[in-house]
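All of the numbers you see were taken from the coordinates with simple rules; none came from a lab. Since we're looking at a predicted model, the values are computed, not measured. Ideal geometry is used to build each Cβ from the backbone, glycine not excepted, and the neighbour counts take in all protein chains shown.
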Amino acid sequence: MKVLVSACLLGVPCRYDGQSKLFPAVAAQLKDHQLVPICPEQLGGLTTPRPACEIQDGRLRTREGEDKTAAFQMGAEEALRLFHLLDCEAAILKARSPSCGKGQVYDGTFTGTLKEGNGILAQRLLDEGIKVYTENEVLMPQEDDPWVSVAGQG
């Protein structure tokens with residue numbers, strides 16, 4: 001199976017701060033599957049490093065208020081296009097990210113406060129009925145969760 005994966009989780013230094021968020025459990029759990037690394041923010045034309053963005057009233061803004069929504073949307077569309085082009089079956093995305101977060105994202109105040117919601121790419125994939133997981137779900141899959149079969153544990 002092919003799985004779309006946030007490149008930062010695989011050690012690629014593509015985050016806003018020029019770092020990665022290497023999460024070895026992702027590659028370990030999916031060792032029998034083909035991983036397709038992507039960074040939707042880079043796909044949308046944003047540089048690395050780049051100013052941090054958070055979702056404020058449905059828009060992606062930097063701390064200074066600069067609107068980066070168009071780049072995030074373009075990156076999400078490109079990632080979705082790659083998902084379909086490469087026949088991926090699921091996505092493992094970086095939790096809390098304004099692009100990739102699922103279930104919780106930062107609240108737009110740049111204070112580290114979380115709110116319910118999804119990042120731009122995560123929401124786009126979910127809207128298409130695509131299975132989306134975060135790295136946190138790799139560590140703690142539930143028996144009744146489809147992740148068990150994605151990770152080859154079921």
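Using DSSP to call loops (not H, G, I, E or B), can you name the GluC sites (Glu not before Pro) in the stretch 28-81 whose Cβ has at most 10 other Cβ atoms within 10 angstrom? Don't jump to the answer; show the numbers that get you there.
Values: sites: 41, 54, 64, 66, 77, 78; in loops: 64, 66.
Loop-located and lightly packed - 64, 66.
Residues 39, 100, arranged from fewest to most other Cβ atoms within 10 angstrom of their Cβ, appear as 39, 100. Summing Cβ point charges (Lys, Arg +1; Asp, Glu -1) relative to the Cα centre of the chain gives a dipole of roughly 400 debye. Listed as lacking a disulfide-compatible partner in the chain: 8, 53, 88, 100, by the criterion of no other cysteine Cβ under 4.7 Å. Taken over the chain, the percentage of Cα pairs per 10 Å bin, counting from 0 up to the bin with the maximum distance, is 12, 44, 34, 10, 0.
Sorted from fewest to most neighbouring beta carbons within 10 Å, what does the list 134, 113 look like? If you can, show how the numbers build up before the last one.
On the way: 134 24, 113 10.
So the residues, fewest neighbours to most, are 113, 134.
Sequence-distant contacts, meaning Cα pairs under 8 Å at least 6 residues apart, place the relative contact order of the stretch 7-151 at 20 percent. Between the helical axis of 69-85 and the longest alpha-carbon principal axis of the chain there is an angle of about 20 degrees.
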